[in-house]
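Here's the structure, in structure tokens; my notes come after.
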Amino acid sequence: MKNILRRILLSFFLSLCILNLLLAQQNLDSILPVRGFCIGAPKPNDVDAFTKFIEQELKPRKVNTLILRVDYNYQFKSHPELIDTPSLSNSDVKKMVTVCKRNNIRIIPQINMLGHQSWANETYKLLSVYPQFDETPHVKMPAKYEWPNADNLYCKSYCPLHPEVHKIVFGLIDEICDAFETDAFHAGMDEVFYLGDDKCPRCSGRDKAELFAGEVRVLRDHLAQKNRQIWIWGDRLIDGKITGLGLWEASYNNTHRAIDMIPKDVIICDWHYERADKTPVYFAMKGLNVITCPWRMPSVAVIQTEDMVNFRKQSSEQMRNNFMGMMQTVWSDAGSFLDGFYGKTKDDKAGANTPWNCFRAMYDKIGQLR
Ligand SMILES: [Zn+2]
């Protein structure tokens with residue numbers, strides 16, 4: 001009899017614990033639905049260490065969204081001519097997909113669309129293999145890159161109106177989404193400086209906001225055919241001059257009016273690294289879903305997290321769900337981040353302002369929300 005009573009009490013206690021955990025999880029999901037982490041995909045040699053990091057560091061912090069910037073570093077079967085080195089194999093990707101599935105983490109791959117088709121003096125695969133897609137073929141890549149320069153070259157773009165370009169990029173998008181078994185794709189589209197160039201036979205004279213919005217729509221419509229969402233960075237949709245946010249974090253090239261032209265189901269990743277600007281409200285009031293993205297300043301990330309929680313609390317029912325959550329962004333590949341995170345490398349110049357400190361501080365703050 002005593003034994004039976006003990007068993008009943010024990011099972012009652014266990015159910016209570018499980019119920020508590022479920023409620024805490026539900027509570028966090030309603031306070032901050034998206035808890036993200038965005039990083040350059042690991043090199044093949046770092047895949048195992050990175051999957052361990054997912055299990056040991058992302059899972060306990062309740063991260064539920066992982067964006068991996070893959071670009072051309074995947075062994076594409078549809079376009080082997082575009083494979084960059086080092087390249088992830090399909091089985092490398094499956095390792096990460098499996099661990100994310102096991103831990104209820106949504107995994108979303110990124111390939112930069114439109115802009116970021118070069119970096120410094122290196123032209124990336126799309127434009128080096130298909131130079132006819134270059135929006136500014138007259139701009140020659142410098143032997144030694146420096147900013148500012150006479151061409152205003154930051155990164156090359158592809159021409160969104162070239163009749164052949166989408167056939168190629170759709171192939172890449174479909175294949176990477178299939179490999180990652182995902183229902184969303186991050187198209188990048190940040191810091192597009194070259195757009196509607198005066199010398200482009202297709203784009204010259206056109207409205208740059210319409211060109212940008214047109215490209216978002218083309219990509220969005222393609223993904224929607226397979227019930228996939230499009231995510232993009234938000235900087236081209238903010239007026240850089242009026243806001244004082246400058247030409248990287250916002251737009252100096254008249255793309256900002258595109259905010260009223262893009263479909264409302266585009267997910268906006270709104271990045272601000274030096275200050276907790278209140279731009280999420282602007283996106284949410286336009287009917288767009290927005291996620292705030294810090295990088296390396298822990299103090300800024302904590303304020304941004306508090307802001308996001310408050311925006312949700314202090315908004316109408318209609319607008320509340322447009323404030324989706326927070327995402328830590330890391331602008332290195334996974335291997336270099338892990339070295340910093342585990343203290344193998346030190347960045348003395350950065351002091352406390354490192355992406356790993358920011359990640360820890362932001363998720364400590366999120367942990368307290370429960
Ligand atoms: Zn063009």
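Taken together, the values in this text are just the output of simple stated rules run on the coordinates, not laboratory data. Computed from a prediction, not measured in an experiment: that's the story for all the values here. Neighbour counts run over all protein chains shown; Cβ positions are idealised from the backbone, glycine included.
Numbers at a glance
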{"item": "Max mean-square fluctuation residue, GNM over the chain, Cα-Cα springs under 10 Å, options GLY171, GLY340, GLY244", "result": "GLY244"}
{"item": "Share, in percent, of DSSP beta bridges within the chain that are antiparallel, nearest 5", "result": "10 percent"}
{"item": "Extension gain (nm, one decimal) between ALA120 and ASN321, 0.36 nm per residue minus Cα-Cα", "result": "68.5 nm"}
{"item": "Percent breakdown of C-alpha pair distances by 10 Å bin, ordered from the shortest bin, for the chain", "result": "5, 22, 32, 25, 10, 3, 2, 1, 0"}
{"item": "Calculated FRET efficiency for the pair LEU16/LYS94, C-beta based, R₀ 45 Å, to 0.05", "result": "0.75"}
{"item": "Hz values of 3J(HN,Hα) by residue in the range 106-119 - Karplus curve (6.51, -1.76, 1.60), Gly and Pro given as x", "result": "7, 10, 10, x, 10, 10, 5, 9, 6, x, 6, 8, 8, 8"}
{"item": "Rough spin-label spacing in nm, given labels placed 7 Å along Cα→Cβ, for THR345 and ASP183", "result": "3.7 nm"}
{"item": "Between helix 355-369 and the chain: long-axis angle, C-alpha atoms, 0 to 90°, nearest 10", "result": "40 degrees"}
{"item": "Among 5-11, 190-196, the order from most to least packed when residues are scored by Cβ within 10 Å on average", "result": "190-196, 5-11"}
{"item": "Karplus-derived 3J(HN,Hα), 6.51/-1.76/1.60, for each residue of the range 225-236, Hz, glycine and proline x", "result": "4, 10, 6, 10, 8, 10, 10, 9, 6, x, 4, 5"}
{"item": "Virtual spin-label span in nm between ASP364 and LYS167, 7 Å along Cα→Cβ", "result": "5.5 nm"}
{"item": "³J(HN,Hα) computed for each position of the range 203-211 - Karplus, 6.51 cos²θ - 1.76 cosθ + 1.60, integer Hz, glycine/proline x", "result": "9, 4, x, 7, 5, 5, 5, 5, 5"}
{"item": "Long-range HN-HN contacts of ARG106 with modeled amide H, under 5 Å", "result": "THR65, LEU66"}
{"item": "For VAL34, distant residues with modelled amide H under 5 Å away", "result": "GLY325, MET326"}
{"item": "Sequence-distant residues sharing a close amide H with ALA184 (under 5 Å, placed H)", "result": "GLN229"}
{"item": "Rounded FRET efficiency, nearest 0.05, which uses the C-beta distance separating LYS286 from ASN152 and R0 of 30 Å", "result": "0.55"}
